[in-house]
1. Looking at the stretch 281-313, which of the residues that are of a type in the set (A, V, I, L, M, F, W, C), within 10 Å of HIS401 (Cβ to Cβ) and in contact with a Phe, Trp or Tyr (Cβ under 9 Å, 6 or more places away or on another chain) is surrounded by the most Cβ atoms within 10 Å (Cβ to Cβ)?
2. Which of (1) surrounded by fewer than 18 Cβ atoms within 10 Å (Cβ to Cβ); (2) over 27 Å from the mean Cα position of the chain (by Cα) does LEU78 not meet, given it meets every other one?
3. Applying the selection to the stretch 128-156, what residues are β-branched (Val, Ile, Thr) and open to solvent by 10 Å² or more (accessible area, probe 1.4 Å)?
4. Go through the stretch 334-376 residue by residue and tally those that are open to solvent by less than 30 Å² (accessible area, probe 1.4 Å) and more than 29 Å from ASN286 (Cα to Cα).
5. Applying the selection to the stretch 4-59, what residues are of a type in the set (Lys, Arg) and not in a loop (DSSP other than H, G, I, E, B)?
6. If you check ALA94 against the conditions, is it open to solvent by 10 Å² or more (accessible area, probe 1.4 Å), assigned to a helix (DSSP H, G or I) and over 17 Å from ASN2 (Cβ atoms)?
7. Those residues that are open to solvent by 20 Å² or more (accessible area, probe 1.4 Å), aliphatic (A, V, I, L, M) and under 26 Å from GLU377 (Cα atoms), I need them from the stretch 21-64; list them, please.
8. Has the stretch 109-116 got at least one residue that is buried (at least 24 other Cβ atoms within 10 Å of the Cβ) and either under 19 Å from the mean Cα position of the chain (by Cα) or closer than 21 Å to ARG252 by Cα (or both)?
Amino acid sequence: MNAVRLLPAPPEGVPLAVPITAGSALPPGAAADGFAGRAGQACLLNRPDGRTMLVGLGPAATPEAAETAGALSAARMLAEPRLALDARGLDPVAAAAFVLGAAQRSWRYAALQTRADPDAQRLAAFDLVVGDIAAVRRALRAGRAAAEGACFARDLVAEPSNTLTPAGFVRHLRGLARFGLELEVIEGAALRRQGFGGLLAVGGGSVHPPCLAVLRWPGRIAAAPVAFVGKGITFDTGGIGIKPADRMWEMRADMAGAAACAGAMLALARRRSPAAAVAVMALAENATGGASYRPSDVLRSYAGRTVEVVDTDAEGRLVLADALAFAAARFRPRAMIDLATLTGSIVTALGHERAGLFGNDDALARQVEDAGAAVGEPVWRMPIGAAHRADLDSDIADLRHCVPGRMQPDACHAAAFLREFVSDIPWAHLDIAGMEAREEADDRHAAGPTGFGVRLLDRLVAARFESVMTGGGLTGGLNHAIKQRVRAGGVSGGERILLERR
């Protein structure tokens with residue numbers, strides 16, 4: 001993530017962004033340009049002491065408004081090497097959100113560029129001008145952890161598949177050990193011995209062998225972990241049922257679910273979350289070869305259930321089934337949340353505005369919805385009906401993994417399939433297809449990978465799982481107040497535990 005320097009006064013010679021609420025007094029010349037402090041408005045003032053840009057907050061200086069204004073500030077100043085952000089009129093939480101919004105908007109993947117383009121984006125550092133440096137530093141710590149996790153996930157999704165193979169993905173995970181995360185990798189003969197039939201089949205056609213990567217964060221609470229489960233298809237050709245060439249290049253992002261899980265674990269570690277957590281990532285390349293699996297094959301999953309293959313391009317649910325069953329049996333988690341770029345069906349239903357949410361536990365689903373809304377990663381609850389499961393009945397196996405034919409509710413079928421492998425554990429499934437990347441930039445978002453899911457998972461853990469209470473819920477008058485502050489980003493993990501024990 002970009003470097004951030006906290007200062008008590010604006011530095012000389014650096015462009016300055018100043019947030020303004022609607023209805024505030026404006027400097028001379030601003031109103032003439034139509035600027036009124038509304039959200040999405042920006043006005044550049046040319047002054048002898050340098051350039052000053054006013055950015056609108058809308059009616060109130062909330063953390064959400066400040067984050068949006070910060071992103072707008074960066075979007076208008078991407079050609080500058082450095083930008084100062086005047087947050088002296090914001091509270092510490094909103095001030096932190098202001099610079100984090102700018103940092104997220106200025107993300108770019110330049111690791112493989114060998115020549116600098118003088119006309120390309122240069123913005124790489126920020127000066128945050130605040131009145132109370134100590135208070136803002138505390139507020140920034142937790143928010144920065146989530147932002148760093150999201151940037152880590154975005155870097156993974158942006159990396160091309162010739163280097164981000166399953167083994168390449170694991171190399172990046174090994175680098176997280178310095179933050180206290182423990183990594184276990186199950187591969188080769190161990191996969192076969194333990195019965196990961198779905199993962200082995202999907203990865204069987206590639207020269208890059210599949211593996212299961214497990215990241216663990218110990219936390220401090222004596223409770224079972226929360227489990228994140230991610231689809232990590234490092235490239236998806238469609239297998240034997242090969243995809244059309246048009247836009248196949250986008251399939252390097254088919255590991256965005258696993259990337260989000262890894263990023264969320266980094267966020268928890270960076271802010272030293274008291275909650276124990278584990279991420280289980282099924283990593284494979286779905287390629288074509290002599291050992292590729294075929295339609296009509298019957299696979300034996302990790303859970304022992306047999307699965308009839310219908311379409312080799314519906315590979316994600318096969319690797320997720322093994323990963324979910326493994327996580328349930330190995331860790332008996334308090335809850336499981338899986339993320340996957342799973343179906344085109346969910347994009348047809350929800351477009352690029354929301355991820356699809358499925359699950360077997362209403363309370364968990366509501367908390368996932370709340371977490372997504374709080375961090376700008378919205379989801380929409382979708383059904384798993386009895387008919388969706390009945391459609392998966394097979395004549396030759398325990399079930400089939402999808403239903404042939406066009407105009408099928410494939411996202412619902414996929415969720416019904418995955419539900420068969422979660423045991424009795426509270427579970428939520430996020431189909432993030434359509435949300436993992438943006439084709440074009442705007443004032444809020446950079447083009448390319450989004451890191452969708454990282455901040456949602458981090459907020460979910462903060463709101464539900466950083467407690468020793470059975471079920472993880474935050475209840476009672478004091479805890480209700482804490483929960484509201486958590487949603488606003490104003491309570492750190494350590495502060496939350498202290499408050500709950502009062």
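1. Among them, the one singled out is VAL307.
2. Unmet for LEU78, out of (1) surrounded by fewer than 18 Cβ atoms within 10 Å (Cβ to Cβ); (2) over 27 Å from the mean Cα position of the chain (by Cα): (2).
3. Matches in the stretch 128-156: ILE133 only.
4. Number of matching residues: 7.
5. Selection gives ARG5, ARG47, ARG51.
6. The answer is no for ALA94.
7. Within the stretch 21-64, ALA22, ALA39, ALA42, ALA60, ALA61 qualify.
8. no
The values are calculated or read from the model by the stated rules, or taken from the named source; none is laboratory data. The model shown is predicted, which means the values in this text are computed figures rather than measured ones. Note: ideal-geometry Cβ built from the backbone for every residue, glycine included; neighbour counts use all protein chains shown. Surface accessibility is based on the protein's heavy atoms, side chains included, excluding ligands, DNA and RNA. Shrake-Rupley method; radii C 1.70, N 1.55, O 1.52, S 1.80 Å.
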